[in-house]
Amino acid sequence: MNDLIRFDHVTLGYRRRAVLRELRFAIGAGEFFGIVGANGSGKTTILRALLGILRPLSGNVLARVEPGESESLPDGGWFDLCASPGALRFGYVPQRGFLDDIYPLRVFDITMMGRYGALGFLARPGARDRQLVEQSLAHVGLAELAGRRYADLSGGQKQRVLIARALASEARVLVLDEPTDGMDIEGRCGILDLICRLRTELGVTVVFVTHHLNELSNAAQRLLLLHEGTMQIGTADEILTSAVLERVYGVPVRVEQFDGKRVVLT
Ligand SMILES: Nc1ncnc2c1ncn2[C@@H]1O[C@H](COP(=O)(O)OP(=O)(O)OP(=O)(O)O)[C@@H](O)[C@H]1O
Ligand SMILES: [Mg+2]
């Protein structure tokens, strides 16, 4: 797997106060990359740096362009994400609830928001934009609901619309910040299955943030585990062991197999 994104000795923080120091890791092209940690451990901070919204206090967040992908960037070279925003297309799925107030909008309109970056301010969507919106809704299984009011959907359906909106931007990287927060177990599994399917079918890279270790214990290929300023990174097999988790959390942890799946018990 080729690396697509690289955190190169990155220290992140706010107003010169460091939250995470010396982050060093890469995210592979097409990988399912999980970021796990308790409230306030810095998960969203890492996503902000990834999206080029938060400039590192030191170090660089780099991404690689595929040959022929960009006219202004060198083929196969690394570029700084803060310096070249938009050079790598991210589809960001924010935490649930942030759009509920946009009351009268329909599912189609919300998904069309994913096209705004490409369209520019106040430009009218064309046939291709509408087609991309329809395709994206079909990918998340909501083609039938395009004309419905967003506010009238269930939590799980709303989340699918936000995923469609991210896909409509023709994202190469899907970035999801606690996308299953507040959902029941069925809703959680549905969203996770959907993300796994989109990754295989569309070849998108997935960066998935959650505070539930078990949510990603079987889906993510690699995990970045944040805990009180420390960071562990490795494959799910390397991170999800009682030895590593007990060292990180300081409490007894067991990792068991249940129905062919890995379950972390604390
Ligand atoms: N805009 C900001 N200004 C100052 N400090 C901030 C800002 N945003 C976050 N922080 C601080 O940075 C640290 C990490 O916050 P962050 O939001 O990245 O955590 P998180 O892991 O996403 O938490 P949660 O699970 O609650 O979403 C916290 O101590 C937080 O108080
Ligand atoms: Mg957060």
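Some points to look at:
- Extension gain for the segment Arg48 to Lys261, taken as residue separation times 0.36 nm less the Cα-Cα distance, is 73.5 nm to one decimal.
- The chain, helix-only ellipticity at 222 nm - DSSP H runs n ≥ 4, -39,500 (n - 2.57), divided by all residues, nearest 500: -8500 deg cm²/dmol
- Treating r as the C-beta distance of Asp3 and Thr230 and R0 as 22 Å, the FRET efficiency rounds to 0.45.
- Using distinct alpha-carbon pairs, which all enter the 1/r mean, Kirkwood radius of segment 1-55 in Å: 12.0
- Expressed as a fraction of 2.2 N^0.38 Å, the value expected for a compact globular protein of N residues, the C-alpha radius of gyration of segment 88-240 is 1.08.
- Our compactness index for the chain, the C-alpha radius of gyration over the empirical 2.2 N^0.38 Å, is 1.02.
- Simple spin-label estimate for Leu105 and Ala143 in nanometres, 7 Å along Cα-Cβ: 2.4
- Percent carbon-and-sulfur accessible area, the chain, ignoring ligands, DNA and RNA, probe 1.4 Å: 48
- R0 of 25 Å, Cβ-Cβ distance Trp78-Ala118: FRET efficiency to nearest 0.05: 0.55
- Extension reserve of the Asp181-Ala243 stretch, reckoned as 0.36 nm per residue once the Cα distance is removed: 19.5 nm
- Taking a ≥ b ≥ c as the square roots of the eigenvalues of the alpha-carbon gyration tensor, segment 187-266 is classed prolate because a/c is 1.5 or more and a/b outweighs b/c.
- For segment 1-46, the solvent-accessible area of protein heavy atoms averages 47 Å² per residue (probe radius 1.4 Å; ligands and nucleic acids excluded).
- When both bridge partners sit in the chain, DSSP labels roughly 60% of those beta bridges antiparallel.
- The chain, relative contact order [Cα under 8 Å, separation at least 6], %: 22
The values are calculated or read from the model by the stated rules, or taken from the named source; none is laboratory data. Treat the numbers as computed from the prediction; the structure is a model and nothing was measured. Positions of Cβ are generated from backbone atoms using ideal geometry, with glycine treated the same way; all protein chains shown enter the neighbour counts. Areas reflect the complete protein model, heavy atoms only, side chains present, ligands, DNA and RNA absent. Shrake-Rupley method; radii C 1.70, N 1.55, O 1.52, S 1.80 Å.
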